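Rule-based calculations on the coordinates, nothing more; no lab input. From a predicted model like this one, the values you see are computed outputs, not experimental measurements. Because the Cβ atoms are built from the backbone with ideal geometry, glycine has one as well, and the counts that use them run over all protein chains shown.
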C-alpha cells in the first residue's frame, strides 16, 4: 500500500473517531436526562452504550496512530 492510501485511510479513521466521539457525548446527554427518574434503567443502559462507543474511539485512535 502506498503512503497516499495510508494517509487517506488515517484521515478517514480519524474522522470516524470524531463522529463516534460526538455520538458518545450525545448518548451521555440523553442518559443524564433519565438519571433520578423512575426510568433510571434507561440511563444505565445508555451509559453502557456510551462506554462501548468510547472504547471504539480509543481503538480507532490507536489504530490510526499505528498507520
_residue 67 being in contact (Cβ under 8 Å) with a residue 60 or more places away in the chain, surrounded by fewer than 16 Cβ atoms within 10 Å (Cβ to Cβ) and in contact with a helix residue (DSSP H, G or I) (Cβ under 7 Å, 6 or more places away or on another chain)_ = yes
_Taking the conditions exactly as written (on the phi < 0 side of the Ramachandran plot, assigned to a helix (DSSP H, G or I) and either touching a residue at least 24 places away in the same chain (Cβ under 8 Å) or surrounded by 16 or more Cβ atoms within 10 Å (Cβ to Cβ) (or both)), does residue 43 satisfy them or not?_
yes
_Just to check your reading of the model, which residue among 35, 48, 25 is loosely packed, with under 14 Cβ neighbours inside 10 Å, without any contact (Cβ under 8 Å) to a residue 60 or more places away in the chain and touching a helix residue (DSSP H, G or I) at 6+ places or on another chain (Cβ under 6 Å)?_
35
*Take residue 10 and decide whether it is surrounded by fewer than 11 Cβ atoms within 10 Å (Cβ to Cβ) and either in a helix (DSSP H, G or I) or out of contact with any helix residue (DSSP H, G or I) (no Cβ under 8 Å at 6 or more places or on another chain) (or both).*
no
